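The structure under discussion appears below in the form of structure tokens.
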Amino acid sequence: MTTARLLVVSQPPHIPGPFSTRRIMLDVLIALTPAFLAALYYFGVGAFLVTATAVVCCLATEYLIQKFLLRKEPTINDLSAVVTGVLLAMNLPSNIPLGMVAAGSIFAIGIAKMCYGGLGHNPFNPALMGRVFLLMSFPVAMTSWPKPLINRFSVDAVTGPTPLAIIKEGLHAGQPLGELMPKIPGYLDLFLGNRGGCLGEVSILAILLGLAYLLYRQVITWHIPVIAALSAFLLSGLFWIMTPGSTPDPFFHLLTGGLIFGIVFMATDYTTSPMTVKGMCFYAAAIGILTILIRSFGSYPEGMSFAILIMNAFVPLINKLCKPYRFGEGKI
Amino acid sequence: MNPVILYTLLTAGLIAAFAAIVLFFIARKFHVQEDPRIDEVTNALPGVNCGGCGQPGCRAFAELCVKSPDMEGLFCPVGGNDTMANVANLLGRTVQAKAPVVAVLRCNGSLTNRPKHSRYDGPQSCAVIHALSRGETGCQYGCLWCGDCVKACKFGAMTLDKESGLPIIDEARCVACGACVTACPRQLIQMRLKGPKNRRVFVSCVNKEKGNVAMKACRAACIGCSKCLKECPFEAITLQDSLAYIDDQKCKICRKCVLVCPTGAIHEVNFPPKPKTAETSTTTGT
Amino acid sequence: MGSTPANIKALSFPQGGIHPPDSKLSSERAVRPITLPASIVLPLGQHIGAPSKPLVKPGDKVKTGQLLAEAAGFVSANLHSSVSGTVSKIDGVIDVSGYKKPAIFIDVQGDDWLDSIDRTPGILADISISSKDILQRITDAGLVGLGGATFPTHVKLAVPPGKKPPQILLINGVECEPYLTSDHRLMLEHPQEIMIGIRLLMKATGVSRAILGIETNKMDAIKLLTRYCDPKEGIQVQALKMQYPQGGERQLVKALIGKEIPPPPRGLPIDVGAVVINVATVFAVYEAVQKRKPLIERIVTVTGKSLKDPGNFRTRFGVTFDHLAALAGGVPDDTGKVTAGGPMMGRAFVDLSAPVTKGTSGIVFYPKDQSLRETLTNCIRCGKCVEVCPLGLEPYLVAALAEQGNWTRAEEEKLTNCCECSCCAYICPANRPLVDFIKLGKSRILDIMKKRQKV
């Protein structure tokens, strides 16, 4: 009897698909590698310590919660906690005390992810929640940025403001833009990453390499990054045309702060972005606009994290309103 | 007094007073005249909202009781006869006492009795397995071992036995609400009379295949041999599609059928252990 | 494989779809005849609709091609004996669904065909027969859609009351399921017969145009059939992109004539003026009308990565899967799963003694390491299922609603539009059992809808 073999009965498809959760997480990690290497180059050992602490703390928090609080099989093998850890680290300055990194990681996984039901259920991006938690709790540590390429082999860094902060505070103090612009690095340096800032956000080149990889692996589609960048560019361009003397040009906005990093790695987070292409376009455009609005009129020099978190809150609504076109429901 | 506290108290008080007045008039305007007995009946009911009576909740059942002139066909399985007597008392009516029933699983296809012929890979839900395939064994009628009934039970009366794979019904907790009966996609659970001293005899199988096929699929299947039919002195047993069924209204629990069943498909419940087995159990016990 | 030459523009449907690996192992293998087994089993319900009513009783001698059971009602089909021999019993048999179905058992004795069937090899191109006679012969021959849905062909060709007559005939030669090659081989080996079949169908339905859609992984078939088709007659061969589910009725109509069939259960191809017929059915139409041969056999692909000798077999209905597997080199030792049909929509089954029926287009053996689903994780809300759904549904959402038993909302989200193509479950990185829950939801909601109609 052939039935002695215990054949498997299941519903189709009977062939494995091209994606798996673990592989996608791994792809995101691979895409983050250039940004991480750039951070190592510019900020040295501090970048490594911050990243390592964040990853270890995220993994440990997820493991302990699943094992002892929820009492189920831990799923840290899916690498999602590692991704959260690396993303959080990429959003922190390299000289931040490691205890704060640990606190941020525990908050990111424990509160922002596991409290809502774990992987796939969190309404807000856990890494950004961790970052914002730290920004609110430790504003000084979170806004003193080490200067790149100095003191790379010790954790004591020489700090200085980021280009965005220079412009924002300068304009606030009434200095004209023309005097401020020479104080910030040139556009080529901004593109390569030779500036102060969070670990991951400094080198636009490295981030774009990661983006190319993500697109090649079909992990994300082009919609969110391109549309968010475009909407930020257009709105800042509009402001620049209207008030040329007191507003930096749109290229400055794209190259500084965490805008590119945010739209490539944070806004494209699966769980907290809309499910349909229509929804993604709307979501991305709103992120670009909100970022520029916060940068121009808010009290923080940087608006990326808040823009993404605000739009995260709208995702369920967007999912409800932006339905895909149902085949055949239109007129014949 | 600190002016801040004073102003706070004043404004809060004013708002509260204003809201109270508005609420008062709204309550007057939208007042619904309701039979006060509905509340009384609702209070007399168990209040678990299980849906066992066929109504969406206890209050809906109470409304129906008050409306119905003779309360025929209305029964709260959870509260049982006592509750219904109370309700009838409140409404000044009489009800006939119903014989208590309990959920009974009519399948003995445990993991050992029924060999697996395939491996199912998919969601662990009886509904899904039943809708889309035949299950992991040769019996297309039997338990699917996934416990949709256990998930449906609101009273913690059911557990899935790891050893046999079958659900176990805790008679003490079962209130006969019937949630498991609806949850089981294969209609294996039946509400049967509890019987005198909770003693019952029933055929624990619903396989309608011919004897040899049923036997091949499950060692404990009813093979339709009709031995029990001939043995029964009360004509309580019927045979249809190679499957015996004991009518619980006619059965006098004489247990003659249990003795002749070749596959052990007829189960007896809550009878004192037979003397022989009692002896062996005491000897092994000491 | 299948790079399109510059002069052929391959069409496709615009929304969703996936690109699973082709795995057409047997596309180079010519169709082989089978040896007849000692006995066969013919289930009475090999088509959609009422099971046929048996006309024979145990002990009756039957000839190959003899009518065994007649259609029970309009949506039903005749059943003919695929062998000659003696009817041994009429009893239940476990088919690929795993459930027992009534069937006629026949002990094979020789291969004695009915005299009325023309078994000469010549091709009969004369189509002077009237359209009424064509339809009658199709009905008599018990033809059903051989693409897998097994919808009786005479019902499909009849215009339902209140609908306009069709304007175009669409022939489905797509065979978008991985592994399967039976239609491909048929088109290569019988191009002339298929063309005559198309002309017969055009005459029967009274349409002046026909398009034969073929995926570009079958360039040889596209070229061959283009050579045989005459544009003056209104017949055209159209290349289609390799994109699953290109062969789905709705996708095919959209790709070929750009129209969208309204969603089920009310939408039919006739609503957009089209009749869609599978290419294997077209060949069967040719045989039924020109050769008076009832539907008693079809080409079945027997394939699998570890099968010794995969191939395409001209198989009589009622032959067991065991028998076919033996002809293809025996069931491989590492088999962990067997499906009737391809890997995307086929049905996994257990009992290899189940019979081949009119709807069996292929049988695929999968090795053990590929038979179980991969690790299940939480839904990560990547939206890939929404992206690939050819019907514009949100599989993640409707599956979750079905899992919760929220039938009302699932119906609002158009769960019943689903064509069960399995694209969503194929692409899902979390390996969610989307199709399982959607199928459950579909059966439940259709029940509810039926009840509602009664009330």
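Rounded to a whole number, what is D in µm²/s for the stretch A:211-332 from Stokes-Einstein with the Kirkwood radius over alpha-carbon pairs (20 °C, 1.002 mPa s)?
142
Can you list the aspartates and glutamates whose alpha carbon sits under 20 Å from that of B:Lys216, skipping same-chain ones fewer than 8 residues off?
Those aspartates and glutamates meeting the cut-off are B:Glu136, B:Asp241, C:Asp91, C:Asp95, C:Asp351.
I want to verify a result. In a Gaussian network model of chain A, Cα cutoff 10 Å, which of these has the top mean-square fluctuation: A:Lys67, A:Lys113, A:Lys168?
The residue that fluctuates most here is A:Lys67.
Over the Cα atoms of the stretch C:131-290, what is the Rg over Rh ratio if Rh follows Kirkwood?
0.93
From the residues B:Cys50, A:Leu128, C:Pro310, which one has its Cα farthest along the dipole of the protein assembly as shown in the positive direction, the dipole being from +1 and -1 charges on Cβ of Lys/Arg and Asp/Glu about the Cα centre?
Sorting the options by dipole projection puts first B:Cys50.
Search the structure for amide H atoms under 5 Å from the amide H of A:Gly160, placed 1.01 Å from N in the peptide plane, and list their residues when 5 or more places away or on another chain.
Those qualifying (amide H under 5 Å, at least 5 residues apart or on another chain) are A:Trp145, A:Lys147.
Compare the Cα positions of C:Val398, C:Pro43, C:Gly197 along the charge dipole of chain C (+1 at Cβ of Lys, Arg; -1 at Cβ of Asp, Glu; about the Cα centre) and return the one farthest towards the positive end.
About the Cα centre, the residue reaching furthest to the positive side is C:Val398.
Restricting to DSSP H runs of at least four residues, report the calculated mean residue ellipticity at 222 nm for chain C, -39500 (n - 2.57) per run over all residues, nearest 500 deg cm²/dmol.
So the helix-based figure for chain C works out to -8000 deg cm²/dmol.
Give me the tail of P(r) for the stretch B:36-91 as a percent: Cα-Cα pairs with distance above 14 Å.
Every Cα pair in the stretch B:36-91 considered, those over 14 Å come to 42 percent.
Please build a GNM for chain A, connecting alpha carbons under 10 Å apart, and tell me which residue among A:Ala54, A:Ala38, A:Ala103 fluctuates the most.
Answer for the Gaussian network model of chain A: A:Ala103.
How do C:Lys156, A:Lys147, B:Lys29, C:Lys450 rank when sorted from fewest to most other Cβ atoms within 10 Å of their own Cβ?
Lowest to highest Cβ neighbour count: B:Lys29, C:Lys450, A:Lys147, C:Lys156.
If the cut-off is 20 Å between C-alpha atoms, which lysines fall inside it for A:Lys168, apart from same-chain ones fewer than 8 positions away?
Partners within reach: A:Lys147, A:Lys183.
How big is the gap, in Å, between the Cα center of the stretch B:164-207 and the Cα center of the stretch C:110-165?
About 53 Å separates the Cα centre of the stretch B:164-207 from the one of the stretch C:110-165.
Between C:Ile299 and residues 5 or more places away or on another chain, which pairs have amide H atoms under 5 Å apart, with H built 1.01 Å from N, and which residues are they?
C:Thr315
Taking chain A as a Gaussian network, where each spring joins two C-alpha atoms under 10 Å apart, which residue of A:Gly170, A:Gly85, A:Gly193 fluctuates the most?
Judging by the Gaussian network model, the answer is A:Gly170.
How large is the dipole of the stretch B:36-91 about the Cα centre if only Lys and Arg carry +1 and Asp and Glu carry -1, each at its Cβ, rounded to the nearest 20 debye?
So the magnitude is around 120 debye.
What share of Cα pairs, in percent, lie more than 15 angstrom apart in the stretch C:367-455?
Roughly 58 percent, once rounded to a whole number.
Could you list C:Met242, C:Met195 so that the one with the fewest beta carbons within 10 Å of its beta carbon is first and the one with the most is last?
C:Met242, C:Met195
Counting pairs of alpha carbon atoms under 8 Å apart in space and at least six apart in sequence, what relative contact order in percent does the stretch C:384-454 give?
36
For the protein assembly as shown, divide the Cα radius of gyration by the Kirkwood radius and give the resulting Rg/Rh value with two decimals.
My calculation of the ratio gives 1.04.
From the phi angles alone, apply the Karplus equation (6.51, -1.76, 1.60; θ = phi - 60°) to the stretch A:23-34 and give each ³J(HN,Hα) in whole Hz, x where the residue is Gly or Pro.
Per residue, the Karplus-derived 3J(HN,Hα) values read 5, 5, 4, 4, 4, 5, 4, 4, 5, 7, 4, x Hz.
In degrees between 0 and 90, to the nearest 10, how far off the longest principal axis of chain B does helix B:58-67 point, with axes built from Cα atoms?
Value to nearest ten degrees: 80.
May I ask for the distance between the Cα centers of the stretch B:225-240 and the stretch B:69-103, given as a whole number of Å?
First find each Cα centre; the distance between them is then 34 Å.
If the cut-off is 27 Å between C-alpha atoms, which lysines fall inside it for A:Lys72, apart from same-chain ones fewer than 8 positions away?
A:Lys113, B:Lys151, B:Lys154, B:Lys162
Quick test of the membrane-span-like rule: which DSSP H helices of chain C reach at least 18 Å along their long axis (C-alpha atoms) with mean Kyte hydropathy at least 0.0?
The qualifying helices are C:191-205.
Which whole-Hz couplings ³J(HN,Hα) result when phi for each residue of the stretch B:152-162 is put into the Karplus expression 6.51 cos²θ - 1.76 cosθ + 1.60, θ = phi - 60°, listed in order with x for Gly and Pro?
Residue by residue, the stretch B:152-162 yields 6, 6, 8, 10, x, 8, 10, 9, 8, 7, 5 Hz.
Helix-derived [θ] at 222 nm for chain A: sum -39500 (n - 2.57) over DSSP H runs of at least 4, divide by residue count, nearest 500?
-17000 deg cm²/dmol
How would you rank C:Phe349, A:Phe306, B:Phe25, going from fewest to most other Cβ atoms within 10 Å of each one's own Cβ?
B:Phe25, A:Phe306, C:Phe349
Can you give me the orientation-averaged projected area of the convex hull built on the Cα atoms of chain C, in nm²?
21.9
Using the Cα centre as the reference, give the magnitude of the dipole from point charges on the C-beta atoms of the protein assembly as shown (Lys, Arg: +1; Asp, Glu: -1; all else neutral), rounded to the nearest 20 debye.
With only Lys, Arg, Asp and Glu charged at Cβ, the dipole is about 1920 debye.
Find the relative contact order for chain A and round it to a whole percent, using C-alpha pairs within less than 8 Å whose residues are 6+ positions apart.
RCO, chain A: 17 percent.
Add -39500 (n - 2.57) for each DSSP H run of 4 or more in chain B, then divide by its residues: what number comes out at 222 nm, to the nearest 500 deg cm²/dmol?
-10500 deg cm²/dmol, from helical runs alone.
With all distinct Cα pairs included, what does the Kirkwood hydrodynamic radius of the stretch B:101-279 come out to in Å, to one decimal, could you say?
Evaluated over the stretch B:101-279, this radius sits at 16.8 Å.
Each reported figure results from applying straightforward, stated rules to the coordinates on display, with no laboratory input. In this text the structure is predicted, and so the values were computed from the model without any measurement. Reconstructed Cβ throughout: ideal geometry from the backbone, glycine too, with neighbour counts over all protein chains shown.
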